[in-house]
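Everything on this sheet refers to the single structure shown next.
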Amino acid sequence: MAVETEASAAADLALSEANINWDRLDKTRFHVIGAILFTAQSGLLHPTTVVKTRMQVAGGGLSHMHGFSVFKTILRNDGSPGIFRGFGTSAIGSLPGRVLALTSLEVSKDMMLKSTEGFSMSEATRFAMANGVAGLLSSIVSCAYYVPLDVICQRLMVQGLPGMPTYNGPFGVIEKVLKAEGLRGLYRGFGITLMTQSPASALWWGAYAGAQHVIWRSLGYGDDAKEKPSMLELVTVQASAGAIAGACSSIITTPIDTIKTRLQVMDNYGVGRPSVMKTTKFLLEEDGWRGFYRGFGPRSLNVSLWGTSMIVTYELIKRLSVKSMAE
């Protein structure tokens with residue numbers, strides 16, 4: 001038993017930079033650095049979100065064009081500000097949500113890992129399960145905050161398209177939505193977001209943790225590992241695991257994302273408030289089953305780039321936020 005404990009400790013030491021738990025983090029530094037780096041990352045990926053959203057919402061024009069053609073069309077018609085519509089609102093509005101999401105993710109992951117110690121399951125399964133549950137809980141906690149923000153940003157992205165209203169900034173969106181539908185208008189798509197994003201988040205984080213664990217073991221960082229992986233190995237393995245998790249997620253979640261996006265921004269469904277069933281029926285009548293995969297190209301690119309860059313950025317944030325020995 002002592003030999004097993006020593007071997008496990010050696011493995012933990014070897015991969016200490018790959019498995020930084022909540023107790024080792026300086027919480028203030030973690031959130032400040034996280035806000036800066038995640039805002040920069042969101043800015044780089046925002047144009048793909050704008051392209052994807054316009055393809056999902058537009059009628060016969062943009063919806064049947066390739067993602068790059070839509071990108072060029074937006075640039076030609078609106079200039080560079082067009083591909084960054086809604087970014088300011090998203091960047092500033094996301095800050096409190098990131099604190100909620102990151103804290104709940106790390107705290108719940110740490111609790112799950114501690115509560116499953118000694119269970120008769122493989123390490124890969126244990127890490128995947130802990131991360132999956134953490135992703136699920138983090139998504140549930142942040143959903144109540146992010147859905148109204150998502151509604152506002154999506155409407156800013158599609159204003160100017162045929163049949164779409166124009167708004168005087170984010171507060172103009174809030175004013176119009178509240179006047180027309182009340183508070184529940186800002187929560188369009190909340191149910192479908194909660195039911196789909198939470199399992200998707202669980203899938204992503206579980207796949208990431210499991211993939212990373214398997215890759216590390218295949219590289220020889222098992223129970224007898226004595227040397228720490230290099231920085232290049234850390235980044236490469238974490239980026240690869242993020243790409244694998246992103247690939248799994250994008251194929252499954254694109255149809256739901258298309259329905260959610262249209263539900264949040266479109267009003268031309270006849271009498272009554274838009275619903276998931278009404279939105280789905282309208283999309284089927286308009287474009288058949290392939291309509292559910294509108295924007296799949298840019299969304300797949302967005303999810304893959306997001307998954308890879310997010311996890312590399314996230315793991316970097318954690319490494320930069322580790323408490324010093326004196327602390």
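The values are calculated or read from the model by the stated rules, or taken from the named source; none is laboratory data. All values derive from a computational prediction rather than experimental measurement. Ideal geometry is used to build each Cβ from the backbone, glycine not excepted, and the neighbour counts take in all protein chains shown. With ligands, DNA and RNA removed, areas are computed over all heavy atoms of the protein, side chains included. Shrake-Rupley method; radii C 1.70, N 1.55, O 1.52, S 1.80 Å.
Taking region 114-133 as the region of interest, how many residues are in contact (Cβ under 8 Å) with a residue 12 or more places away in the chain and not β-branched (Val, Ile, Thr)? Steps first, please.
Initial filter on region 114-133 (in contact (Cβ under 8 Å) with a residue 12 or more places away in the chain): 116, 123-133.
When the remaining residues are screened for being not β-branched (Val, Ile, Thr), the result is 123-124, 126-132.
Total satisfying the criteria: 9.
With the requirement that a residue be among the basic types (Lys, Arg), loosely packed, with under 15 Cβ neighbours inside 10 Å and under 30 Å from residue 221 (Cα atoms), what does region 76-131 give you?
Restricting attention to region 76-131, the residues satisfying the condition of being among the basic types (Lys, Arg) are 76, 85, 98, 109, 114, 126.
With loosely packed, with under 15 Cβ neighbours inside 10 Å added as a condition, the list becomes 76, 114.
114, the sole residue that qualifies.
Identify the single condition in (1) modelled with pLDDT of 75 or more; (2) touching a Phe, Trp or Tyr at 6+ places or on another chain (Cβ under 9 Å) that residue 21 does not satisfy, given that it satisfies every other one.
(2)
Collect the residues in region 139-159 that are polar (S, T, N, Q) and either within 30 Å of residue 81 (Cβ to Cβ) or open to solvent by 40 Å² or more (accessible area, probe 1.4 Å) (or both), keeping them in residue-number order.
Scanning region 139-159 gives 142, 154, 159.
Somewhere in region 243-250, is a residue within 19 Å of the chain's Cα centre (by Cα), farther than 14 Å from residue 315 by Cα, touching a residue at least 12 places away in the same chain (Cβ under 8 Å) and surrounded by fewer than 16 Cβ atoms within 10 Å (Cβ to Cβ)? Give the steps one after another, and end with the answer.
Within region 243-250, the subset within 19 Å of the chain's Cα centre (by Cα) is 243-250.
Retained after the next criterion (residues that are farther than 14 Å from residue 315 by Cα): 243-250.
Now drop any that are not touching a residue at least 12 places away in the same chain (Cβ under 8 Å), which leaves 243-250.
Checking the rest, the ones that are also surrounded by fewer than 16 Cβ atoms within 10 Å (Cβ to Cβ) come to 247.
Among the residues of region 243-250, at least one is within 19 Å of the chain's Cα centre (by Cα), farther than 14 Å from residue 315 by Cα, touching a residue at least 12 places away in the same chain (Cβ under 8 Å) and surrounded by fewer than 16 Cβ atoms within 10 Å (Cβ to Cβ), which makes the answer yes.
What number goes with the only condition from (1) open to solvent by 40 Å² or more (accessible area, probe 1.4 Å); (2) without any contact (Cβ under 8 Å) to a residue 60 or more places away in the chain that residue 136 does not pass?
Going through (1) open to solvent by 40 Å² or more (accessible area, probe 1.4 Å); (2) without any contact (Cβ under 8 Å) to a residue 60 or more places away in the chain one by one, residue 136 breaks only (2).
In region 172-201, which residues are assigned to a helix (DSSP H, G or I) and either more than 21 Å from residue 142 (Cα to Cα) or open to solvent by less than 10 Å² (accessible area, probe 1.4 Å) (or both)? I'd like the intermediate steps shown before the answer.
The initial filter retains those residues of region 172-201 that are assigned to a helix (DSSP H, G or I), namely 172-181, 183-187, 190-201.
Across region 172-201, the qualifying residues are 172, 173, 175, 176, 177, 178, 179, 180, 181, 185, 198.
Taking residue 167 as the residue in question, decide whether it is touching a helix residue (DSSP H, G or I) at 6+ places or on another chain (Cβ under 9 Å), touching a residue at least 40 places away in the same chain (Cβ under 8 Å) and surrounded by fewer than 22 Cβ atoms within 10 Å (Cβ to Cβ).
No; evaluated as a whole, the condition is false for this residue.
For region 65-74, what are the residues that are assigned to a helix (DSSP H, G or I) and loosely packed, with under 14 Cβ neighbours inside 10 Å? Even if it seems obvious, please write down each step before you answer.
Let us first name the residues in region 65-74 that are assigned to a helix (DSSP H, G or I), namely 67-74.
Result: 68, 69, 72.
Would region 218-226 turn up any residue that is closer than 20 Å to residue 113 by Cα, open to solvent by 70 Å² or more (accessible area, probe 1.4 Å) and modelled with pLDDT under 85? Break it down into steps so the answer makes sense when it comes.
Within region 218-226, the subset closer than 20 Å to residue 113 by Cα is 221-223.
Next cut, open to solvent by 70 Å² or more (accessible area, probe 1.4 Å) only: 223.
Among the residues that remain, those that are also modelled with pLDDT under 85 are: 223.
Yes, region 218-226 contains at least one residue that is closer than 20 Å to residue 113 by Cα, open to solvent by 70 Å² or more (accessible area, probe 1.4 Å) and modelled with pLDDT under 85.
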